1. Going residue by residue through the range 76-89, is there one that turns out to be surrounded by 20 or more Cβ atoms within 10 Å (Cβ to Cβ) and within 22 Å of I52 (Cα to Cα)?
2. Could you say whether any residue in the range 204-217 is free of Cβ contacts under 8 Å to residues at least 60 places away in the same chain, of a type in the set (A, V, I, L, M, F, W, C), surrounded by 14 or more Cβ atoms within 10 Å (Cβ to Cβ) and in contact with a helix residue (DSSP H, G or I) (Cβ under 8 Å, 6 or more places away or on another chain)?
3. Report every pair of residues separated by at least 6 positions or lying on different chains whose Cβ atoms are under 9 Å apart, first residue within the range 190-202 and within 15 Å of L177 (Cα to Cα) and at pLDDT below 95, second assigned to a helix (DSSP H, G or I) and of a type in the set (A, V, I, L, M, F, W, C).
4. Go through the range 30-54 residue by residue and tally those that are closer than 18 Å to L111 by Cβ and small (G, A, S).
5. From the list R63, R100, exactly one residue is surrounded by fewer than 20 Cβ atoms within 10 Å (Cβ to Cβ) and charged (D, E, K, R). Which is it?
6. Does the range 182-194 contain at least one residue that is among the β-branched types (V, I, T), assigned to a helix (DSSP H, G or I) and touching a Phe, Trp or Tyr at 6+ places or on another chain (Cβ under 9 Å)?
7. Could you list, in sequence order, the residues of the range 152-169 that are among the small types (G, A, S) and under 22 Å from H201 (Cα atoms)?
8. Which one is surrounded by the most Cβ atoms within 10 Å (Cβ to Cβ), of the residues in the range 130-141 that are closer than 12 Å to T172 by Cβ and touching a helix residue (DSSP H, G or I) at 6+ places or on another chain (Cβ under 9 Å)?
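The values are calculated or read from the model by the stated rules, or taken from the named source; none is laboratory data. If you're wondering where the values come from, they're calculated on a predicted model, not measured in any experiment. Quick reminder, even Gly has a Cβ in these numbers, built from the backbone with ideal geometry, and neighbours come from all protein chains shown.
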Amino acid sequence: MCESSPAGGAAGPLSILALVSGNGTNLQALIDAEKAGLFCTPGGRGALSLVISDRPGVYALERAGAAGIPFLVEAPSPDAPKAGKRQELSDRLLGRARERGIGLIILAGFLSILEGKIVDEYAGRIINLHPALLPKYGGEGMYGSRVHRAVLAAGETESGCTVHLADAGTDTGPILLQRRVPVLDNDTAEILAGRIHREEHIAIVEAAVLMIRRLCGGG
């Protein structure tokens, strides 16, 4: 059976928190995968139990609501000092995760950067999806179309996406899996993004299943 919290807790499904910032197509891929039974593994099963956005009004929250998944908005505080905004938000998210007995956190297109206690407490239990083949084109400021423009400017012949374990750095944690796509002569950042996005939907599900199996003792 799965653990219900990082510290062990009562037996039951591995509770999953998805953190989002936008349209939520990767969240939808996770929702569809759970409905299809892909989160049931030999060692135990996982369940999406909470979705949190750092931005109000994003469509990802409508997707969560339509699937019957509880959702919240935890936006960066305008009152927190600039140097402490990440820490303040990260601490609030940690509190929410503790309240719900979360065992796995998935950053599914989440644009805020986590730091501090949440990274330590959930070490090995936070996964992030990045739209490039890390370690290339990662780090501070490398997100969205900026990544794809950089890939094209460098004349790369392939790109793709990476799912990795999050750590105290930015896009620096151990890589779980990657999916690759060719970079074609006529590509714009938008065209390349669309090709990679299709692979992201596959990668985020594969990584979620891998982590459920790992955390539930199924290898």
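1. yes
2. As a first pass, look at the range 204-217 and keep what is free of Cβ contacts under 8 Å to residues at least 60 places away in the same chain: 206, 210, 214.
In the following step, the residues that additionally are of a type in the set (A, V, I, L, M, F, W, C) were identified as 210.
With surrounded by 14 or more Cβ atoms within 10 Å (Cβ to Cβ) added as a condition, the list becomes 210.
Right, trim to in contact with a helix residue (DSSP H, G or I) (Cβ under 8 Å, 6 or more places away or on another chain) and you get none.
Scanning the range 204-217, I find no residue that is free of Cβ contacts under 8 Å to residues at least 60 places away in the same chain, of a type in the set (A, V, I, L, M, F, W, C), surrounded by 14 or more Cβ atoms within 10 Å (Cβ to Cβ) and in contact with a helix residue (DSSP H, G or I) (Cβ under 8 Å, 6 or more places away or on another chain), so the answer is no.
3. none
4. Qualifying residue count for the region: 1.
5. Values: R63 fails: surrounded by fewer than 20 Cβ atoms within 10 Å (Cβ to Cβ).
Exactly one of R63, R100 is surrounded by fewer than 20 Cβ atoms within 10 Å (Cβ to Cβ) and charged (D, E, K, R), namely R100.
6. Of all residues in the range 182-194, those among the β-branched types (V, I, T) come to 183, 188, 191.
Next, from what is left, pick out any that are assigned to a helix (DSSP H, G or I): 191.
Remaining after also requiring touching a Phe, Trp or Tyr at 6+ places or on another chain (Cβ under 9 Å): none.
No, the range 182-194 has no match at all.
7. To start, the set of residues in the range 152-169 that are among the small types (G, A, S) comprises 153-155, 159-160, 166, 168-169.
Across the range 152-169, the qualifying residues are S159, G160, A166.
8. Kept after step one, since they are closer than 12 Å to T172 by Cβ, are these residues of the range 130-141: 130, 134-135, 138-140.
Pick out the ones that are also touching a helix residue (DSSP H, G or I) at 6+ places or on another chain (Cβ under 9 Å) and you get 130, 138.
Numbers: H130: 24, G138: 20.
Of everything passing the filter in the range 130-141, H130 is surrounded by the most Cβ atoms within 10 Å (Cβ to Cβ).
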